[in-house]
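Down below is the structure, laid out as structure tokens.
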Amino acid sequence: MQRNARIEMPRMLLLFLLVSIALFAGSSPLAAQTVPSRAKAHRAAPNFSRMDLRHKKIELTSYRGKVVLLNFWATWCGPCLVEVPTFNEWQNKYGSNQFQVIGISMDDAAPPVISTINKLKLNYPVLMGDEHLGAAYGGILGLPVTFLIDRQGKIRARYQGASDLTRIKGDIETLLHTR
């Protein structure tokens, strides 16, 4: 009986480790939160002024009066690439209704981003981000991270990870109907 216990203990430990790895492998920061974090909501969105990848100057404060969806993403991020086409659709649908999507790529280099913009036919500005811009928004520890900014330039929601697009759409529509 004691010999069986010695054999079973390593098997149980191995099983525990395998189950732990399986559980944690699916819970990376990239897919962590699907609900908006309102902890820092209603603070002014940090302004920035940068050239987008089509060589147009983008300054966040120039979008006051519009609802802005600010999306931090990367070409190597699977959940990001799932969301981006929907954001493109929303830009088409709501763009004439005081709405603007701005993409901030956290890739290290522009060429793969430009390729993705062209491949997906993105119709909104995309600019290159960095750790300083990410830090201004409370730190970008995983991707995607999306901020919803109201007409007054205040952050209304932060969505971390692969988000519930239906929820974001509802939040956008609520802000579009609020003056």
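The values are calculated or read from the model by the stated rules, or taken from the named source; none is laboratory data. From a predicted model like this one, the values you see are computed outputs, not experimental measurements. Ideal geometry is used to build each Cβ from the backbone, glycine not excepted, and the neighbour counts take in all protein chains shown.
Computed quantities for the displayed model
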item	result
Strands (runs of 3 or more DSSP E) within region 38-95 that include 1 or more residues surrounded by fewer than 12 Cβ atoms within 10 Å (Cβ to Cβ) and at pLDDT 95 or above	49-51, 57-59
Which numbered condition Glu173 misses (of (1) closer than 16 Å to Leu69 by Cα; (2) buried (at least 21 other Cβ atoms within 10 Å of the Cβ); (3) over 13 Å from the mean Cα position of the chain (by Cα))	(2)
Residue in region 100-109 that is among the small types (Gly, Ala, Ser), touching a helix residue (DSSP H, G or I) at 6+ places or on another chain (Cβ under 8 Å) and not in a loop (DSSP other than H, G, I, E, B) present	yes
Extreme residue, farthest from Ala157 (Cα to Cα), among residues of region 57-92 that are without any contact (Cβ under 8 Å) to a residue 60 or more places away in the chain and among the polar types (S, T, N, Q)	Thr75
